[in-house]
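The values are calculated or read from the model by the stated rules, or taken from the named source; none is laboratory data. Computed from a predicted structure; not experimentally measured. Using ideal geometry, Cβ is built from the backbone for each residue, glycine included, and neighbour counts are taken over all protein chains shown.
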Amino acid sequence: IVLPLVVWLIAGQAFITAHYQVRFGSYYVQSIAQMLYWLTLGYGTGRGANLVGPPYFALVIYSEGDAWPISTFLFPLLVAGLCLALIALWRRLGVNVAARLRRRSANSGETLPENSLSQAGGQGIRDADIGLYVVFSLGLTLTPLIYKGSFGERYHVLYLVAVLLAAGTVLERWWQARDGRWGALIALTGLYVGIGLSWADWVNGVLRLGWPFVVAACAGIACGAGYAAARQVAVRRGIVVGVIGLAVALSLVRGPLHWGQFAPFSPEPRSWILAQIQQQYHPAFSD
């Protein structure tokens, strides 16, 4: 893994040296080291200052539902999945500690009562492995993006697998649950999506709660209540399929399928594209 990277870096530096300098975005660089600097610590400084903003700008794809409906839908699931990942890691740590104590007691001739954590089988190990990947992936990628305020959606692809794993873990819990305890999260997801569809001015935090909020909130509350009240697994699974279907239907009337028809690039904060989207869906605010 390391050797191809080293070869690429040496070859890249040789090319730059042969041409004295090369253009890299808005800059001219004389070394690979300068490229790495502008991609990391120097990103968003100098000529690239317009590429970053306040920390919350990095979360535009998770909160502006008119522009990014699917990622807005996934955000509550991502947060819940991250919590499940942390819980799985904590339980795995407890299993390891209990196992060490049991080995020590066995060596000393003492006996310790069985701990429920030690009963964690393949499912617990799998959850902990997934949790470890999710936590480290989000920590190493999303945290710097928030710190820098980087709002380019391409940077969020770096941890897309972790997002899908976290959200998939929650969907799996919805699907396999033996009771309706996850109904509250389904209702909360509907409310959150409704708020995401109500931004008249996302940058300045101006909400206009109109019919998109009412429809999304009512759908989420109805699905959540139905899930919580359902006695049969088949009914709850039918509701889960319905929730996913509503998210897919939303992506057909909002998001890239809409603004992709007129926008030369993605709707970023402070861009005319995002302003046009907001004016189209919330015209009363602009009047």
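Odds and ends about this structure:
- Considering each residue of region 165-182 in turn, none proves to be touching a Pro at 6+ places or on another chain (Cβ under 7 Å) and aliphatic (A, V, I, L, M).
- Some residue of region 195-212 being in contact with a helix residue (DSSP H, G or I) (Cβ under 7 Å, 6 or more places away or on another chain), modelled with pLDDT under 95, under 29 Å from residue 270 (Cβ atoms) and part of a helix (DSSP H, G or I): yes
- Pairs, first within 9 Å of residue 203 (Cβ to Cβ) and in contact (Cβ under 8 Å) with a residue 24 or more places away in the chain in region 269-280, second among the acidic types (Asp, Glu) and not in a helix (DSSP H, G or I), C-beta under 9 Å, six or more apart: 269/64; 274/64; 274/66; 274/268
- Taken over region 2-21, the criterion of being modelled with pLDDT of 80 or more and either under 30 Å from residue 146 (Cβ atoms) or not in a helix (DSSP H, G or I) (or both) is satisfied by 5, 8, 9, 12.
- Checked against (1) within 19 Å of the chain's Cα centre (by Cα); (2) surrounded by fewer than 16 Cβ atoms within 10 Å (Cβ to Cβ); (3) more than 23 Å from residue 192 (Cα to Cα), residue 52 passes all but condition (2).
- Inside region 238-270, residues that are out of contact with any helix residue (DSSP H, G or I) (no Cβ under 6 Å at 6 or more places or on another chain), part of a helix (DSSP H, G or I) and of a type outside the set (A, V, I, L, M, F, W, C) make up a count of 5.
- Top-ranked residue of region 201-221 - restricted to ones that are touching a residue at least 24 places away in the same chain (Cβ under 8 Å) and of a type in the set (A, V, I, L, M), ranked as surrounded by the fewest Cβ atoms within 10 Å (Cβ to Cβ): 206
- Index of the failed condition, residue 176 passing every other in (1) surrounded by fewer than 17 Cβ atoms within 10 Å (Cβ to Cβ); (2) at pLDDT 95 or above; (3) farther than 14 Å from residue 218 by Cα; (4) not hydroxyl-bearing (Ser, Thr, Tyr): (2)
- Members of region 26-67 that are of a type in the set (Phe, Trp, Tyr) and free of Cβ contacts under 8 Å to residues at least 24 places away in the same chain: 27, 28, 37, 38, 62
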